[in-house]
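Some notes on the structure that comes next.
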Amino acid sequence: MSDSKPVLIERLGAVTEIVLNRPARLNALDQTMLAGLQAAVAEITADNAVRAVVLRGAGDAFMAGGDIASFAAALNLPAEERDERFTGFLKAAQDFALAFARLPVPVVAALHGAVAGFGVSLMAGADLALAAEGTVLTTAYRQIGLTPDGGMSWLLPRLVGHRRAMELLLLADRFDAATALSIGLVNRVVPADRLVDEAHGLAMRIAAGPAGAQRRLKALMAQSAENGLAAQLDAEAGSFVALAGEADFAEGVAAFLAKRKPVFG
């Protein structure tokens, strides 16, 4: 893609596509891309017609981590200015990570090429992830003497377990798509030439589902990380009762009784 914007947004019916678009830098994260991601999330959050999101990278990679060249430039600044620069960058990353986690609709990440550093945080924050054959992943932070950002230290243990997450972070070894699948980091591995089609096909299936139920499901799953069982049972009951008054529930029941496929509004 030749568009100069670091993040592209395209509406495809009820599915919105977010494209990381710094292909010459393997979509490495910098301040401009963070701003673009924040804008994309705000636009999608405000649009009730969006029912699913596909997140992918342009060019040869999903995201090869942070932009190390910009880090190096910051190291040449006086200490106070350096710390202000990094503090501002991390604040923007935190704001985005929270907004991304709070997106009301499901996100499908389509991974290919390099997925490193913040790229792993980003894909871990998606609801579903597909990886193309040939994808190579690494947490990467160890290699430059840093700890994770973007929520990785919160997300990874919940996806792969504490011990596996510690191994991925302490050693920062590279691993392939098949390994990512085996440890529960991705849902499926697909041929590279089918990645975008498979991701959009999955997003379209989600978009055809009951929108209200899916939004409430995503909220329930987010709450479950913090709630005790009693609180989660209450949340489930409240969601069930609220959805029972919506047209999609009536359609689902009618379709089941008529032995036909439901058509949700």
Can you put S70, S4, S121 in order, fewest other beta carbons within 10 Å first? S4, S70, S121
DSSP bridge orientation in the range 1-115 - percent antiparallel, rounded to nearest 5: 35
Using the 10 angstrom Cβ neighbour count as an exposure proxy, how do T87, T135 rank, fewest first? T87, T135
For I183 and A69, extending 7 Å from Cα along the Cα-Cβ vector and measuring point to point gives, in nm, a value of 3.0
Which percent, nearest 5, of DSSP beta bridges in the chain are antiparallel? 25
I want to make sure I understand the PRE zone here: with the label point 7 angstrom from the Cα of T87 toward its beta carbon, which residues in the range 46-79 have backbone N atoms less than 13 Å away? 79
How would K218, K261, K91, K5 line up from fewest to most surrounding beta-carbon atoms within 10 angstrom? K261, K91, K5, K218
How much length would be gained if the chain were fully extended between A208 and M221, taking 0.36 nm per residue of separation minus their Cα-Cα distance, in nm to one decimal? 2.7 nm
Value at 222 nm in deg cm²/dmol, rounded to 500, when DSSP H runs of n ≥ 4 in the chain each add -39,500 (n - 2.57): -16000 deg cm²/dmol
Which helices of the chain meet both criteria: a Cα extent of 15 Å or more along the helical axis and a mean Kyte-Doolittle score no lower than 0.0, with helices taken as whole DSSP H segments? 31-45, 195-207, 229-244, 247-258
Okay, which of the range 206-226 sit inside 19 Å, backbone N to the point 7 Å along the Cα-Cβ direction of A237? 217, 220-221, 223-224
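Here, each number is a calculation from the coordinates, and none is a lab measurement. The shown structure was predicted, so the numbers you read here are calculated from the model rather than taken from an experiment. As a convention, Cβ positions derive from the backbone with ideal geometry for all residues, glycine included, and neighbour counts pool all protein chains shown.
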